[in-house]
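The values are calculated or read from the model by the stated rules, or taken from the named source; none is laboratory data. A quick note: this is a predicted structure, and the numbers were derived from the prediction, not measured. In this analysis, Cβ positions are derived from the backbone assuming ideal geometry, glycine residues included, and neighbour counts consider all displayed protein chains.
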Amino acid sequence: MQVHRSSLSLILALVTLAGAPAALAQQDVLTQPAPLASRMVAFEEIDSGQVAHPGTEPGAAVVFSAVVAADDSTWIRLEFDEVRLSGSRESGNASFLRITSLTDGHAQILDRVGIVQWKLTSAYFNGDAVLVELVAYPGTGNNRVRMSRAVASEPEALPRSICGTTDDRVLSYDNRSARVLPVGCTGWTISDCNSCMLTAGHCQGGLSVIQFNVPLSSSSGSIRNPPPEDQYAVDSSSVQGNGGAGVGNDWAYYGVFPNSNTGLTPYQAYGVAHNLVLPPPATGNARVTGYGTTSSPVSPTWNQVQKTHAGAYTTFSGTSIGYRMDTTGGNSGSPVIHETTGNAIGIHTHGGCTSTGGNNWGTGANHAALQAALASPKGVCECPGPDFVFSGEFPAYVAPSGGTTIEMQITTVNGISPVSGSGKLHIDIGSGFFDVPMTDDGAGAFVATFPPIPCTMPVAYTFSVIGTDGKTYSSPREGMSGTPYAAISAYGIASVVELDFETDDGWTVENVALIRGAWERGVPAGGGLNRDPGADFDGSGQCWVTGNAAGDADVDGGPTRLISPAYDLSGLDDPKVTFARWHSTNNLPNDQFVTEISNDNGATWVPVSSVGNNGNSWKIVSFDVTDYVALTSTVRVRFSVADNPDNSTTESAIDAFSISDLACSTCDADANGDGEVDVLDFLDFLDAFGACDGLPSPCSGSSGVDADFNADTIVDVLDLLDFLDAFGRGC
């Protein structure tokens, strides 16, 4: 069902009472007409689309419905943009519109003849909301209704949803109900697994702070707040709702974090919660307890503080419940309580009571989407199930050949245990998750074993088991939809270059229009003054630093460039450059520290980064070489600093430079990746070669070993010969 509710911003026009002309004669005064004071209300277009009765059995059925409302109106009339109705009166199968007042239940029927006679309009209906239903018979074809406007009375400032002539609510002190700010609604605690809360869907966008034990308002009606110990922050990740979609279709379910002062949840603090049940037949009385507004003659001190009232429980139809007890704005989201049983049966959402009749309305607890949300809570509302306890740290690297294991104990929580054999390791290496069954060692002990994964691939992974309640429980908690654990397929990190700059490692300095402050290698002499480092980064003593002298020795002019020797990275897999950087300047965003890389021995340079200020501290910086250049035998790194024009104090330094690579083999002939070269490697490779001889790579036998030993994209005798040679060398 759709709902479209107007506000003052949607008023397009206002037809006002016309002034009367002067009298024609003393005895012949014309009786003047009194045009109806009204407003045109526009709303987002309602469009049923092409709809037909889907069945074959005789009888009509509702194929589309929507609620149209104009706040604070005493009457409403619809204007349609398009109505197409199938069937005919003569055949007894004419589709029709049924328009029903939600105030007094009066209805109008319009078939294809009637809608023409009424010139695409409806009758006038009491109240500010009507239910529009399109009813069709089977086999009669498509129907359609479109509308985007209505005519309604001018807004009235009369108390809405007060049943009778007086506001009969009394102050109450029920710690199951709370005030919702800043939206100004009511929320209430329910007895689900984590004692979370419900409110109206149209309050959902303003869920931020929940207040219990609310004090009386000021003499002018301004709200007063309870102590912080009675205020709770909403967990936005827990919120589920439909944003409000009309009478019988307006709900939100959410939870709050423990109080920041007490560490307690509302249920832990107050010990009470509503028992939510499906609505019983409409007999007896119901009660609404919430934080409604007040108007004279009710005391302003009662404004938006907790009040309660009971009245007749009159209607239960579909997912709508109707009742006649006093409510006002601010009561939205309140619990509707069945007086006979004390159980909560729905959420108060709409006013409709008047001094002469009508109902206030709510969404019944039988609403299917609400029940689905309650069955699948999120965030702090999520029901705790089996707990994952891991042995040791998660690996930063998993063996490319497979075999890396993670052990865990999955313990029973809330009586929910893991189902034997249900454990799964979920792995994503860039093309979506795939499942690997975990070994179940009994009594909740599971072992996850990683399969072979191509080296250097990033590995995302999660774990899951099925609980004895039939639900799936994951680690991390959000499972594959959340942030997974992460590793890299490699045997670890292999160091290629590692420098502390205590010796001359072949680095060179190039100065361009430099006045002073060139790169120098030595023990920093500045003592931390004038923006220069007081010591090197790694504690070895020396580093590269600009203008290495006490006092005013910063960079002026420039740039001054520090250039590495050429490094052979051509045989590596995924090298990473890491270094400690110091860069401090008082000329932002100018005087940048520029990092560049070259793979043609410095003939051309590719920018890596440019930073304006590190602050007076060392920073660890790293980047992947292959993000910028292809791997060659002549890779250089260059660091440049300038103060040009010379108008600032700029100091820089470099230390702890390294190049590392992912290790993709413990040794060449270690085919099974167990860290040793033995007969098992020989047998595994022969198995793979026998299965793959003459085939393109990658190819492996039952052992899982890639038979393309020399990585020339084809498995042939050369791979066998190269493996035998490596096997003879060992590790």
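Listed values, structure above:
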| quantity | calculated |
| --- | --- |
| Qualifying residue in the stretch 597-604 (condition: among the polar types (S, T, N, Q), in the same structural domain as Ile654 (by TED's automatic domain parsing) and modelled with pLDDT under 90) | no |
| Residue among Leu120, Leu102, Leu85 that alone is surrounded by fewer than 22 Cβ atoms within 10 Å (Cβ to Cβ) and either assigned by TED's automatic domain parsing to the domain that holds Arg39 or farther than 29 Å from Asn360 by Cβ (or both) | Leu120 |
| Which listed residue, of Gly527, Gly539, Gly557, Gly534, is modelled with pLDDT under 95 and touching a strand residue (DSSP E or B) at 6+ places or on another chain (Cβ under 6 Å) | Gly557 |
| Any hit, the stretch 307-317, residues being surrounded by fewer than 24 Cβ atoms within 10 Å (Cβ to Cβ), assigned to a loop (DSSP other than H, G, I, E, B) and out of contact with any Gly (no Cβ under 6 Å at 6 or more places or on another chain) | no |
| Selection status of Ala368, without any contact (Cβ under 8 Å) to a residue 60 or more places away in the chain, of a type in the set (A, V, I, L, M) and farther than 22 Å from Val256 by Cα | yes |
| Criterion (touching a Gly at 6+ places or on another chain (Cβ under 8 Å) and assigned to a loop (DSSP other than H, G, I, E, B)) met by exactly one of Ala94, Ala66 | Ala94 |
| Filter result (in a strand (DSSP E or B) and touching a residue at least 40 places away in the same chain (Cβ under 8 Å)) within the stretch 483-500 | Tyr485, Ala487, Ile488, Ser489, Ile493, Ala494, Ser495, Val496, Val497, Glu498, Leu499 |
| Any pair with Cβ under 8 angstrom, 6 or more apart, that starts in the stretch 320-343 at a residue that is at positive phi and ends at one that is assigned to a loop (DSSP other than H, G, I, E, B) | Gly330/Gly184; Gly330/Tyr291; Gly330/Gly292; Gly330/Thr293; Gly330/Gln304; Gly333/Ala200; Gly342/Asn275 |
| Flag if Gly506 is at positive phi and either more than 39 Å from the chain's Cα centre (by Cα) or assigned by TED's automatic domain parsing to the domain that holds Ala653 (or both) | yes |
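Rundown of residues vs (1) of a type in the set (A, V, I, L, M); (2) within 21 Å of Ser195 (Cβ to Cβ); (3) touching a helix residue (DSSP H, G or I) at 6+ places or on another chain (Cβ under 7 Å), yes/no style:
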| residue | (1), (2), (3) |
| --- | --- |
| Phe212 | no, yes, yes |
| Ile223 | yes, no, no |
| Glu229 | no, yes, no |
| Tyr232 | no, yes, yes |
| Ser238 | no, yes, yes |
| Gly241 | no, yes, yes |
| Gly244 | no, no, yes |
| Ala252 | yes, yes, yes |
